[in-house]
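Let me begin by presenting the structure, written as structure tokens, before commenting on it.
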């Protein structure tokens, strides 16, 4: 069995309400530059592959959370967004202090 630090099964929450469109939210692990101590070295690549796979369908809207204390130029996810949604037509970025 291959050891991984993250599950390939995303957290999925479905919201249904009779007076508005249904909504499905898929939560994935956050991007990381390197694996934590005790995690397999391939953890960052596994997370990136998972996010790309889940974000690829063109009907999905993408919400990325960015800590306000992190420089945008050093954001790990920026290259992934540019590859997945180069025109940023379906991408929303929320900058917050969390």
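Any read-out appearing in this document is the output of simple, stated calculations on the displayed coordinates, not a laboratory observation. Keep in mind the model is a prediction, meaning the values are calculated, not measured. All Cβ positions, glycine included, derive from the backbone under ideal geometry; neighbour counts span all protein chains shown.
Hey, can you rank 16-26, 82-92 by average C-beta count inside 10 Å, highest first?
Listed from highest to lowest mean packing, they are 82-92, 16-26.
Taking the DSSP beta bridges in the chain as the whole, what percent of them are antiparallel, to the nearest 5?
Bridges in the chain are about 50 percent antiparallel.
Could you work out how far apart the two model spin labels at residue 69 and residue 93 are, taking each label as a point 7 Å from the Cα in the direction of the beta carbon, and quote it in nm?
The two pseudo-label positions are separated by 2.0 nm.
Do the sum for the chain: with -39,500 (n - 2.57) for every DSSP H run of n ≥ 4, divided by all residues, what is the mean residue ellipticity at 222 nm, to the nearest 500 deg cm²/dmol?
Mean residue ellipticity at 222 nm (helix-derived): -6000 deg cm²/dmol.
Mind checking the alpha-carbon convex hull of the chain and giving the volume per residue in Å³?
Measuring per residue, one finds 136 Å³ for the Cα hull of the chain.
What is the calculated FRET efficiency for residue 53 to residue 79, with r their C-beta to C-beta distance and R₀ = 22 Å, to the nearest 0.05?
Working from the Cβ atoms, E equals 0.85.
Please give the contour-minus-distance gain from residue 25 to residue 3: 0.36 nm per residue of separation, less the Cα-Cα distance, rounded to one decimal in nm.
Additional length available on full extension: 5.2 nm.
Mind running the shape call on the stretch 33-87? Use the C-alpha gyration tensor, a ≥ b ≥ c as the square roots of the eigenvalues: rounded below 1.5 for a/c, prolate if a/b tops b/c, oblate otherwise.
Oblate is the answer for the stretch 33-87, as a/c is 1.5 or above yet b/c matches or exceeds a/b.
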